[in-house]
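Shown next, in C-alpha cells, is the structure this report addresses.
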C-alpha cells in the first residue's frame, strides 16, 4: 500500500516532495546558489593560503561598520520570521508591517555596504589592484560582497512587492514563506562571509 502511494507521488499532478512547487524551486535555488557562494569563499581561502602576504582585515575594514551591517541583517531575519508567523495565522496586516520593516533593514544594509565600497574605492582598491598588498584581496572583496549585495537588492525588491500585496490583502502565507526562505538564505550567507572574509 505504501509503495503504491509513494509511486503515485511521482506520477504527476502532485509535488513528490510534499510541498508547493514555488517552495521546492526556492530550495533548489538555495542549494545551487549556496554552492556558488561556497566556491567563491573556497577560492578566497585558497588564494589567501597561497599568498606570501595578506592584508590584515582590521587595518583595512571599519569593523564597527561591518559589525553594524551584520547586526542589521540578522535583525531583518527576525522581522522576516515574524512576518511569516503572522501570515500563517492569516494576519496579513501584521505580516505586511514586518515585511516593510525587513525591507527597511535591507535598505540600511545596502546603504552601509555602499559606503564601504565608496571608502574602499576612495582608498585605491580596484578589482585589479590593491593598495594593501596582493590584488586578489580587493578582487575577492568586490566579487563576494558585490554578488551578495546583488542578492540583497533582489530580496529588497521582492519583499517590497510582497509587502504591498499583503497590505492590500492580496498576499498569501505560501508566498510570504517562499520570500522568507530567500531572505534567510541571504542572511545566512552573510554570516559565512562575515566570518570567513572579514574575521578569519
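The values are calculated or read from the model by the stated rules, or taken from the named source; none is laboratory data. Note that this is a predicted model, so its numbers are computed, not measured. Backbone-built Cβ (ideal geometry, glycine too); neighbour counts: all protein chains shown.
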Which numbered condition in (1) under 18 Å from the mean Cα position of the chain (by Cα); (2) closer than 19 Å to residue 29 by Cα; (3) touching a residue at least 12 places away in the same chain (Cβ under 8 Å); (4) surrounded by fewer than 22 Cβ atoms within 10 Å (Cβ to Cβ) is the only one that residue 186 fails?
(4)
Flag for residue 83 being surrounded by 15 or more Cβ atoms within 10 Å (Cβ to Cβ), without any contact (Cβ under 8 Å) to a residue 40 or more places away in the chain, under 20 Å from the mean Cα position of the chain (by Cα) and assigned to a helix (DSSP H, G or I)
no
Is at least one residue of region 128-146 surrounded by fewer than 18 Cβ atoms within 10 Å (Cβ to Cβ), at pLDDT 95 or above, more than 14 Å from residue 41 (Cα to Cα) and within 18 Å of the chain's Cα centre (by Cα)?
no
Given (1) crowded, with 17+ Cβ neighbours inside 10 Å; (2) in contact (Cβ under 8 Å) with a residue 40 or more places away in the chain, residue 107 misses just (1)
